[in-house]
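For reference, the structure is listed below as structure tokens.
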Amino acid sequence: MANLSIDLAAEVHLLKERLSMNIVDESYHPQSFGDALVTLSGPLGSIRLVRERGQIFLDIGTGSKWTDANVVLEAANLHPAVGAPLDGKQLVPVVCSNFQQIRKYLDQTYGKESQKLPRDTMPEFDYVRHDFSKGWPTGREFLYRCLICGDLIPSFEAGQCTCGNIHVAIGGIRGAKDPSKVWLAKKSSPETL
Ligand SMILES: [Zn+2]
């Protein structure tokens, strides 16, 4: 098990393609049953994939909180099998196909507030596609995200990701075996909470 955006690459890809969403937050706790979550947000709303003890769940941002997509679909009369909850993977295509109606339901039920990202997951990083042949940005606000192993490596201290793709050496030599498998992560400006 690894980061959810890697384990669920196909589902994340679908959410990006169909709903124009981007990853705004991700966490992974290998020591705690491999629990993990990935949060995506886009112009139509926010979605969170959660793995708890090997099970996958999908939540939809409904105003100030997250609600299980099964609950939202049932409430909006869009669930394909009422009374038989789908798991997170099964829910992704259903949610993608129905998101216009889901959006309508959320606006009617929760108002404009429901378009915002729930407060408990303010994005920690902005992920940026960067052409590393033009140089490796460094500084406290920059980290490198390996898309192979999922590690997040600080740009300002010596280190290497688990799979060995990214190297950061003291003295400033930074590089990757496959730079196309690296994203630049920039710490989001601190929000006023
Ligand atoms: Zn790696």
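The values are calculated or read from the model by the stated rules, or taken from the named source; none is laboratory data. Keep in mind it's a predicted model, so treat the numbers as computed, not measured. Cβ atoms come from the backbone with ideal geometry, glycine included; neighbour counts cover every protein chain shown.
Structure summary
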item: Residues (in contact (Cβ under 8 Å) with a residue 60 or more places away in the chain and buried (at least 18 other Cβ atoms within 10 Å of the Cβ)) located in the range 1-25; result: Asn3, Ser5, Ile6, Leu8, Glu11, Leu15, Leu19, Ile23, Val24, Asp25
item: Yes/no for Thr138 being modelled with pLDDT of 85 or more, among the β-branched types (Val, Ile, Thr) and farther than 30 Å from Ala69 by Cα; result: yes
item: Extreme residue, modelled with the lowest pLDDT, among residues of the range 83-135 that are in a helix (DSSP H, G or I) and among the basic types (Lys, Arg); result: Arg119
item: Cβ pairs under 6 Å, 6+ apart, first in the range 148-170 and closer than 16 Å to Ala185 by Cα, second part of a strand (DSSP E or B) and away from the ligand (no atom under 14 Å from the Cβ); result: Ser155/Phe142
item: All positions within the range 144-163 that are under 16 Å from Asp7 (Cβ atoms), near the ligand (Cβ under 6 Å from one of its atoms) and out of contact with any helix residue (DSSP H, G or I) (no Cβ under 7 Å at 6 or more places or on another chain); result: Cys149, Asp151, Thr162, Cys163
item: Failed item in (1) within 16 Å of the ligand (Cβ to nearest atom); (2) part of a loop (DSSP other than H, G, I, E, B); (3) more than 24 Å from the chain's Cα centre (by Cα), with Ile170 passing the rest; result: (1)
